[in-house]
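Shown next, in structure tokens, is the structure this report addresses.
The values are calculated or read from the model by the stated rules, or taken from the named source; none is laboratory data. Since the model is a prediction, treat every value here as computed from it, not as a measurement. With ideal geometry, Cβ positions are generated from the backbone for all residues, glycine too; neighbour counts draw on all protein chains shown.
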Ligand code: SF4
């Protein structure tokens with residue numbers, strides 16, 4: 001049942017998680033084909049916000065061509081006696097949930113990465129204007145966050161206007177992120193959890209600490225704190241830190257308990273500062289994904305908008321699919337770019353000394369946070385296009401991982417003299433690994449797979465991916 005009688009499509013939580021495939025879409029807004037897009041919330045003085053006003057700058061949905069892909073900016077301006085700029089990130093992230101409540105409308109990602117689709121059926125039912133979407137968003141905000149006294153919403157499809165506002169949006173995101181830098185996990189007794197992405201990834205629980213930003217890169221520890229205080233029953237909640245179980249790996253009893261409860265028992269242990277064994281779960285809207293490269297014993301990292309294949313031959317979409325859905329996959333890890341600026345970034349695995357390949361765009365963004373002595377030793381797509389090229393680059397630059405290879409080669413050859421079979425190294429490990437064969441679904445738990453050769457082929461039947 002729809003919440004609103006005057007809206008031509010249904011609105012409700014049951015539509016959260018609905019995917020709109022390319023063949024079913026009326027239009028796409030933002031997404032990987034569009035260079036500049038954004039959504040941003042701003043807290044304004046009372047007299048600068050007209051409550052309930054919805055504006056459209058540029059063509060409305062009904063003016064867009066069926067099947068087309070268009071840029072979009074969404075500006076949410078809120079006012080209230082109790083509101084301050086510290087709540088902007090929280091208000092902004094609610095858009096993800098609210099827009100996904102709309103039947104036949106899909107919202108993915110966040111900030112400058114937004115990707116939306118309107119389905120043909122919903123367009124035909126009458127969802128043909130941003131005015132309607134604005135009304136829905138307005139009512140949901142006012143129903144759920146009473147702290148917002150006035151709210152106005154602007155949808156922008158005009159390319160020039162988007163280009164004008166885009167740098168301001170980026171500056172606001174950076175200011176928010178910078179605020180959270182400097183505070184340490186050890187200095188607080190409460191972390192925050194978010195389950196907003198459970199509609200797409202049922203066992204996913206984001207654990208947000210000062211030194212581990214949320215996967216989407218949209219919720220800092222301060223945002224978590226603000227959200228839990230104004231809406232404690234909402235998707236973002238406090239996690240008492242509990243006892244420190246393992247300082248190096250970042251294991252806390254409070255996190256384990258919260259993850260177990262909120263994932264319905266699916267996830268029982270989370271290690272914050274490592275990509276191995278019990279890594280943080282990966283939802284689907286993470287900004288980047290880390291992938292272990294066994295041939296060099298290092299990590300590659302790739303961001304969502306990277307075009308083409310990474311150094312191991314696989315694009316972002318395939319790597320993302322291999323870890324998304326709320327799973328914990330050994331060596332694979334969805335994360336935010338801001339986490340790469342943290343001093344706890346894969347601290348248990350060697351931190352930046354373990355990173356061997358990062359796209360140039362990401363490297364530029366986080367360059368100031370990479371230790372000076374390693375920054376030029378990490379390859380980009382310009383330095384290495386495949387594993388052989390990567391190995392050569394790392395050797396030539398004397399990347400710290402190379403010293404580890406020498407140690408391992410020595411110990412492996414020593415072992416081989418004693419026992420030839422013992423030299424095998426697993427090419428893949430996974431806490432749960434589903435396999436479909438002959439009509440059966442087989443799930444291997446704590447699997448380690450050994451192979452003399454690995455062939456990776458693109459699955460052409462799944463041409464369209466995230
Ligand atoms: S990625 Fe994490 S913090 Fe961001 S919306 Fe999803 S669950 Fe919440």
Inset, instruction - Read through the list (1) within 14 Å of the ligand (Cβ to nearest atom); (2) in a strand (DSSP E or B), then give the number of the only condition that residue 155 fails. - result: (1)
Legend entry - Qualifying residues in segment 348-366 (those that are under 20 Å from the mean Cα position of the chain (by Cα) and part of a strand (DSSP E or B)) - the one surrounded by the most Cβ atoms within 10 Å (Cβ to Cβ): 357
Inset, instruction - Specify which of the listed residues (173, 213) is under 23 Å from residue 281 (Cα atoms), crowded, with 19+ Cβ neighbours inside 10 Å and within 16 Å of the ligand (Cβ to nearest atom). - result: 213
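Results for (1) modelled with pLDDT under 95; (2) more than 17 Å from the chain's Cα centre (by Cα), shown as yes or no for each residue.
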| position | (1), (2) |
| --- | --- |
| 206 | no, no |
| 222 | yes, yes |
| 226 | yes, yes |
| 253 | no, yes |
| 264 | yes, yes |
| 275 | no, no |
| 280 | no, no |
| 283 | yes, no |
Legend entry - Matching entry among 164, 149, 131 (being in the same structural domain as residue 36 (by TED's automatic domain parsing) and without any contact (Cβ under 8 Å) to a residue 40 or more places away in the chain): 164
Legend entry - Odd one out for residue 326, checked against (1) at pLDDT 95 or above; (2) within 16 Å of the ligand (Cβ to nearest atom): (1)
Legend entry - Verdict on residue 191 being surrounded by 21 or more Cβ atoms within 10 Å (Cβ to Cβ) and at pLDDT 95 or above: yes
Inset, instruction - Take residue 161 and decide whether it is touching a helix residue (DSSP H, G or I) at 6+ places or on another chain (Cβ under 7 Å) and surrounded by fewer than 21 Cβ atoms within 10 Å (Cβ to Cβ). - result: no
Legend entry - Every residue from segment 187-208 that is assigned to a helix (DSSP H, G or I) and within 9 Å of the ligand (Cβ to nearest atom): 196, 197, 198
Legend entry - residue 14 vs. criteria without any contact (Cβ under 8 Å) to a residue 24 or more places away in the chain, out of contact with any strand residue (DSSP E or B) (no Cβ under 7 Å at 6 or more places or on another chain) and within 15 Å of residue 99 (Cα to Cα): yes
Legend entry - Tabulated pairs, segment 24-47, first under 15 Å from residue 106 (Cα atoms), second modelled with pLDDT of 95 or more and assigned to a loop (DSSP other than H, G, I, E, B), C-beta under 6 angstrom, 6+ apart or interchain: 26/66; 27/64; 27/68; 29/72; 30/37; 30/72; 30/114; 39/114
Legend entry - Residue check for residue 133: away from the ligand (no atom under 16 Å from the Cβ), at pLDDT 95 or above, part of a loop (DSSP other than H, G, I, E, B) and crowded, with 20+ Cβ neighbours inside 10 Å: no
